[in-house]
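Read the figures in this text as sums done on the coordinates, not as results from a lab. This structure is a prediction, so every number in the text was calculated from the model and none was measured. All Cβ positions, glycine included, derive from the backbone under ideal geometry; neighbour counts span all protein chains shown.
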Amino acid sequence: MKQLLQSYRSGEIWLAEVPVPSVQAHGVVVRTAASIISSGTERMITELARRSLLGKAVSRPDLVRQVIRRVRVEGLGQTLAKVFAKLNTPIPLGYSCSGVVTEVGSAVRTLSVGDRVACAGTGYATHAELNYVPANLCVRLPPKVSFAEGAFAGVGAVAVNALRLAEVEFGERVAVIGLGLIGLLTGQLLKAAGCGVLGCDIDPRRCRMARELGFDRVACGTEIHTASVTYTGGQGLDAVIVTAASQSAEPLVWAGEICRLRGRVVVVGLVQMHVPRDIYYSRELDLRVSRSYGPGRYDPEYEEKGRDYPYGYVRWTEQRNMAAFVEAVRRGQVEPLKLAGRRLAIDEAPEAYRLLFGPAGEGQTPITVVIEYLGVET
């Protein structure tokens with residue numbers, strides 16, 4: 001089967017022929033119909049892979065510390081061998097897709113062969129013709145939701161979890177800083193929840209798209225300070241959700257400056273976490289960092305072994321967040337395909353990455369690209 005891979009050493013992306021995945025007890029094999037390239041998360045992975053060894057070390061000091069600890073325990077030679085083996089192992093790209101279940105694991109009771117599903121998970125919901133996906137990372141698609149729309153469920157769950165952490169209430173005014181794929185989905189979900197939305201980005205094209213999607217106010221760059229004053233009558237936003245990716249802490253500073261007293265700031269995007277204490281202290285702000293799709297993320301018992309959390313104690317797991325997003329799409333409250341600048345076949349997938357992550361061409365870089373696969377009606 002075909003799968004999109006990337007060299008972690010050089011950053012090269014190519015379409016490879018790889019073995020078909022086998023089904024495991026707690027998951028299903030899915031024939032992929034559509035997958036999406038996230039312009040935020042996947043850009044981060046791709047750009048890191050393209051950097052030199054020194055560049056990788058500077059960008060990921062946490063990994064450098066892991067290597068140093070391993071050298072102390074295992075010795076330099078053995079550690080270097082493991083590091084270079086990791087660099088030489090191709091990594092599968094993608095984490096949000098949809099398709100049809102073709103095989104079901106022996107311990108799975110919630111899915112059947114032939115089910116239309118949306119899938120999430122790095123290393124699972126990849127850009128491949130077939131994927132093995134744990135059952136807790138799959139949700140059924142209703143008939144009215146297309147595969148192309150369903151492919152956004154993994155990314156959409158990230159936006160849904162941001163709303164949960166922000167604890168938004170009907171009628172509140174919320175700012176979204178960073179209008180990439182997740183930011184634009186977040187704004188649509190906030191509107192569906194009855195909130196007023198102020199969007200902000202430094203890219204005028206993304207600001208225009210936010211206006212087209214129905215954001216109440218949109219500000220470009222530092223205009224957000226004036227916009228927040230006029231929008232809230234000087235009171236400040238009830239909550240600010242930061243979905244920007246930045247090598248500086250500026251989005252975090254802006255968030256604190258425009259938030260009302262005792263408001264909430266939720267960080268979703270990859271930004272420097274140098275919190276300006278004076279701003280956050282004087283306003284007594286509540287700062288929260290979102291962990292991807294929601295409860296269950298990074299818990300192997302939940303994700304890999306299918307052990308769900310009790311509904312009465314953990315209402316919104318990552319799977320239930322995915323299902324909530326799919327339901328919003330079914331109702332027409334969120335229109336993810338408006339964000340898909342291009343739809344390409346799997347054979348053209350490497351070109352999709354060049355479109356998204358290559359040199360920007362007069363503001364024509366799409367927000368996201370939907371990859372479609374032969375053999376499944378999308």
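Sorting the Cα pairs of the range 149-238 by distance into bins of 5 Å, from 0 upward, gives 3, 16, 27, 24, 20, 8, 2, 1 percent per bin. If you take all other residues with their beta carbon under 13 Å from the beta carbon of TYR293, and give Lys and Arg +1 and Asp and Glu -1, the sum is +1. On the principal axes of its alpha carbon atoms, the range 171-289 extends 36, 31, 24 Å, with the longest extent given first. Legend: calculated FRET efficiency, ARG109 to THR230, from the Cβ-Cβ distance at R0 = 56 Å, rounded to 0.05, equals 0.55. Peptides 278-290, 129-141 ranked from most to least packed, by the mean per-residue count of other Cβ atoms within 10 Å: 129-141, 278-290. Taking every C-alpha pair closer than 8 Å and separated by at least 6 residues, the mean separation divided by the residue count of the range 171-289 gives a relative contact order of 23 percent. Any chance you could check the Cα centroid distance between the range 88-129 and the range 275-298 for me, in angstrom? If we compute the Cα centre of each part, the gap is 31 Å. 3J(HN,Hα) along the range 293-310: 6, x, x, x, 4, 6, 9, x, 5, 7, 6, 9, 9, x, 8, 6, 7, x Hz, from the Karplus curve 6.51 cos²θ - 1.76 cosθ + 1.60 with θ = phi - 60°, whole Hz, x for Gly and Pro. In terms of the Cα gyration tensor, with a ≥ b ≥ c the square roots of its eigenvalues, is the range 239-378 rounded because a/c is under 1.5, prolate because a/b exceeds b/c, or oblate? The shape class here is oblate.
If neighbour count is taken as other Cβ atoms inside 10 Å, put LEU270, LEU4, LEU261 in order from fewest to most.
LEU261, LEU270, LEU4
Of the residues TRP316, TRP254, TRP14, the one with the fewest other Cβ atoms within 10 Å heads the list, and the complete ranking is TRP14, TRP316, TRP254.
Suppose we look only past 16 Å in the calculated P(r) of the range 296-340. What percent of the Cα-Cα pairs does that tail hold? Taking all Cα-Cα pairs of the range 296-340, the fraction more than 16 Å apart is 50 percent.
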